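Please read the structure below before turning to the comments.
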Ligand SMILES: Nc1ncnc2c1ncn2[C@@H]1O[C@H](COP(=O)(O)OP(=O)(O)OP(=O)(O)O)[C@@H](O)[C@H]1O
Ligand SMILES: [Mg+2]
């Protein structure tokens with residue numbers, strides 16, 4: 001089974017002191033799949049991403065990337081093996097332009113693969129790759145604008161670009177559409193869809209419109225446990241999910257957006 005998985009979690013647990021936040025998570029994500037992780041505030045979604053990306057060490061359990069154990073590795077080692085994540089807190093260089101931010105991200109990823117003397121030879125490739133990324137992000141018109149002067153949605157788009165710049169096959173996004181207007185969100189989901197073609201995506205998301213529009217499967221995390229992991233229609237119809245989480249969210253969503261999505 002693990003050979004076929006892009007990412008697999010086995011019996012994953014995380015304790016902070018005596019409090020167990022992740023309480024035995026098993027999850028097998030197929031290559032090319034888009035998985036949304038949903039659940040109430042404090043359920044442990046960001047903690048789960050911090051475990052996968054190596055920011056936190058697991059208390060128990062295994063994490064496999066393309067069948068290879070990555071638990072215990074440092075974040076940059078995991079990144080080199082093809083897993084990249086975005087942060088809720090911005091990782092942009094505010095005083096660099098859009099192009100320079102992307103170029104830095106590309107060079108950083110090359111820097112680990114090439115000896116220094118080859119970096120110069122790689123610089124031309126990096127420029128080209130940065131230009132291509134700008135196209136895909138629809139930021140060509142903003143090429144020389146400093147990151148700090150971009151709109152909020154443009155900054156989030158640039159962050160996605162930086163996340164994918166190294167060519168990672170597995171992408172983790174933690175609440176990528178948080179704080180966006182509805183039209184920005186719609187455009188952004190289309191962008192995420194486009195730039196993750198051929199990659200595996202795990203995204204934490206509170207917006208149910210985004211979840212149901214983007215995800216091939218949904219993992220529902222409640223108090224550190226995955227209570228459902230299935231295709232959207234089945235998760236939506238799951239009585240346990242309705243009770244634990246989705247019922248209240250769908251009711252809230254209906255109040256917040258009476259005209260529907
Ligand atoms: N470094 C830490 N030390 C101690 N407790 C932590 C740490 N990080 C997270 N927690 C606790 O773990 C629980 C889960 O937090 P986490 O941020 O993973 O939730 P979440 O599902 O991402 O929530 P949200 O939807 O609000 O982003 C919370 O009770 C939080 O206080
Ligand atoms: Mg979180």
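Cβ crowding within 10 Å, taken as a proxy for footprinting-reagent exposure, orders 174, 216, 135 from fewest neighbours to most as 135, 216, 174.
Model label sites at residue 138 and residue 231, defined 7 Å from Cα along the beta-carbon direction, differ in position by 2.9 nm. Here the ratio of the Cα radius of gyration of the stretch 111-244 to 2.2 N^0.38 Å is 1.27. Exposure proxy ranking for 245, 223, based on other Cβ atoms within 10 angstrom of each Cβ and starting from the fewest, stands as 223, 245.
Given R0 = 25 Å, the distance between the Cβ atoms of residue 239 and residue 28 translates into a calculated FRET efficiency of 0.60. Relative contact order of the chain, taken over Cα pairs closer than 8 Å and 6 or more residues apart, is 25 percent. Estimated from helices alone, the mean residue ellipticity of the chain at 222 nm is -11500 deg cm²/dmol (sum of -39500 (n - 2.57) over DSSP H runs with n ≥ 4, per residue).
DSSP beta bridges confined to the chain are antiparallel in about 55 percent of cases.
Between residue 60 and residue 145, full extension at 0.36 nm per residue minus the direct alpha carbon distance yields a gain of 26.1 nm.
The alpha carbons of the chain stretch over 57, 45, 34 Å along the principal axes, in descending order. Centroid-to-centroid, using Cα positions, the stretch 51-109 and the stretch 184-230 are 19 Å apart.
Annotation: peptides 7-17, 31-41, ranked by per-residue average of other Cβ atoms within 10 Å with the highest first, follow the order 31-41, 7-17.
Read-outs throughout are calculated quantities, based only on the coordinates presented, and are distinct from any laboratory measurement. All of these numbers come straight from a predicted model, not from anything done at the bench. In this analysis, Cβ positions are derived from the backbone assuming ideal geometry, glycine residues included, and neighbour counts consider all displayed protein chains.
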